[in-house]
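Taking it in order: structure first as structure tokens, then the write-up.
The values are calculated or read from the model by the stated rules, or taken from the named source; none is laboratory data. Remember, it's a predicted structure, so these values are computed and weren't measured experimentally. Because the Cβ atoms are built from the backbone with ideal geometry, glycine has one as well, and the counts that use them run over all protein chains shown. Calculation scope for accessible area: heavy atoms of the full protein, side chains included, ligands and nucleic acids excluded. Shrake-Rupley method; radii C 1.70, N 1.55, O 1.52, S 1.80 Å.
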Amino acid sequence: MNIPSSNLPRIVIIGGGFAGIALAKKLKNKRVQVVLLDKHNYHTFQPLLYQVATGGLEAGSIAYPIRKVVQEYQNFYFRLAFVNEIDTDNQIVKADIGELRYDYLVLATGSKTNFFGNKEIERNSVAMKTIPQSLNIRSLILENFEQALLTNDIHDRHSLINFVLVGAGPTGVELAGALAEMKKAILPKDYPDLDVRKMQINLIQAGDRILDGMSEKSSQAAEDFLTDLGVNIWKNVRVTSYDGKTVTTNTDLTFDSATVIWTAGVQGALPSGINNNAVIPRAERVKVNDYNQVEGYENIFAVGDIAAMISLKNPQGHPMMAQPAIQQGRWLGENIVRKLHKKPLKPFVYNDKGSMATIGRNKAVVDLPNLHFHGIFAWFVWIFVHLFSLIGYKNKVVVLTNWIYNYIRLDREGRLIIRPYKKKAITSYIADEV
């Protein structure tokens with residue numbers, strides 16, 4: 001990897017997401033050598049991926065170059081790499097660009113879409129965890145409408161404009177709301193010779209309520225908002241298969257759809273090499289103690305989505321969201337410095353700042369530790385929090401400008417088919433869409 005030798009302790013961070021960047025900032029100009037590895041050269045603000053998918057924002061406005069974040073850090077190196085394996089016995093990281101020895105290793109690899117072992121659904125549906133995937137969805141949505149104009153088959157036309165979103169967490173709910181607003185204000189103008197009123201947006205949830213990670217009050221408010229926007233909500237329904245044409249479920253319900261967007265679950269994106277005793281099966285998260293040390297290892301840490309800090313209060317670990325990742329990254333940065341100075345580590349304490357989701361124009365729900373509210377005020381809170389959390393002044397300005405324009409004009413000018421999306425054939429399926 002062409003990293004210079006140094007007498008400073010070498011800390012290797014795998015992943016430039018929320019946790020990895022927060023940790024990197026804490027280690028700025030400390031008496032350590034830091035190497036950050038990521039398969040992309042940019043940090044993605046994932047909470048706004050759905051807006052890229054629906055044409056509200058361009059991809060560049062929610063991405064920020066990792067090298068620009070760390071360009072003034074001393075003894076700091078970034079390498080564009082995909083990590084394949086970790087040799088824990090010899091303290092070596094093995095990547096597609098070579099090998100690198102570490103003194104301390106931090107797993108901040110985040111999460112990936114969990115299809116729960118259903119290869120057919122994985123092959124035929126689309127996920128939304130990365131910018132390339134969001135651009136795929138945007139292209140697919142627009143291509144479907146273009147194709148719907150060309151077909152004379154009523155059944156095919158219905159399938160092309162019938163959208164099925166599986167999973168009613170924040171991502172599914174926000175995407176459903178954005179599609180509903182497109183149906184109402186934008187698509188009838190773009191496709192006047194197509195009866196857009198027949199477009200269906202189906203949101204499927206395996207549980208008995210949407211946004212089940214939020215309060216019941218917020219869950220009900222979000223359901224009411226979506227129903228008013230014309231979204232069909234199907235609860236206590238589990239998708240069992242999708243062959244690219246028909247969605248089947250554990251009930252009598254079936255859906256004919258050319259587009260299934262899977263937002264039903266995530267699992268840790270874990271490189272091989274970590275002892276299986278430290279890995280939670282299916283979830284693919286690694287068990288960590290109160291100091292974010294991976295179980296069974298003194299010098300390997302994990303932060304963010306990949307880390308499962310299990311306790312009586314959090315039997316599943318902290319939620320796989322941005323705030324726990326950011327807080328763990330910052331906390332670990334302080335603890336590593338303490339460790340280097342042979343000071344005792346401080347146990348991580350999560351400060352739950354609440355959760356929120358937007359359903360569309362003037363519609364959002366917010367859960368704070370002791371307060372739950374929804375409507376236009378919640379929507380403004382959502383806007384402020386997301387703008388404040390974006391990396392880069394330019395990105396904040398661009399996003400705010402787009403939001404103001406979209407609000408005034410009821411428009412989304414990012415509906416461009418920059419790169420046509422073609423579903424992979426069964427014989428040539430590759431797990432990584434990029």
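Could you say whether any residue in segment 48-67 is without any contact (Cβ under 8 Å) to a residue 60 or more places away in the chain, over 18 Å from the mean Cα position of the chain (by Cα) and farther than 17 Å from V337 by Cβ?
Yes; the residues of segment 48-67 include at least one that is without any contact (Cβ under 8 Å) to a residue 60 or more places away in the chain, over 18 Å from the mean Cα position of the chain (by Cα) and farther than 17 Å from V337 by Cβ.
Could you tell me whether any residue of segment 196-214 is under 19 Å from G177 (Cβ atoms) and out of contact with any strand residue (DSSP E or B) (no Cβ under 9 Å at 6 or more places or on another chain)?
Yes: one or more hits.
Just one of the numbered conditions (1) open to solvent by 20 Å² or more (accessible area, probe 1.4 Å); (2) within 17 Å of A278 (Cβ to Cβ); (3) not aromatic (F, W, Y) is not true of P344; which one?
The one condition P344 does not meet is (2).
Can you name the number of the only condition in (1) touching a residue at least 24 places away in the same chain (Cβ under 8 Å); (2) buried (at least 22 other Cβ atoms within 10 Å of the Cβ) that A364 fails?
(1)
Is it the case, given these coordinates, that L187 is buried (at least 23 other Cβ atoms within 10 Å of the Cβ), in contact with a helix residue (DSSP H, G or I) (Cβ under 8 Å, 6 or more places away or on another chain) and under 21 Å from L49 (Cβ atoms)?
no
Given the criteria within 15 Å of the chain's Cα centre (by Cα) and either within 26 Å of V231 (Cα to Cα) or assigned to a loop (DSSP other than H, G, I, E, B) (or both), does A168 qualify?
Yes.
Picking from K129, K112, which residue would you name as being among the charged types (D, E, K, R), within 16 Å of the chain's Cα centre (by Cα) and in a loop (DSSP other than H, G, I, E, B)?
K129
State the number of residues belonging to segment 88-110 that are farther than 23 Å from N335 by Cβ and open to solvent by less than 30 Å² (accessible area, probe 1.4 Å).
Residues in segment 88-110 being farther than 23 Å from N335 by Cβ and open to solvent by less than 30 Å² (accessible area, probe 1.4 Å): 2 in total.
Go through segment 241-270 residue by residue and tally those that are surrounded by fewer than 18 Cβ atoms within 10 Å (Cβ to Cβ) and either free of Cβ contacts under 8 Å to residues at least 12 places away in the same chain or closer than 30 Å to K287 by Cα (or both).
5
Taking F18 as the residue in question, decide whether it is out of contact with any Pro (no Cβ under 6 Å at 6 or more places or on another chain), without any contact (Cβ under 8 Å) to a residue 60 or more places away in the chain, buried (at least 16 other Cβ atoms within 10 Å of the Cβ) and aromatic (F, W, Y).
Criteria not met by F18.
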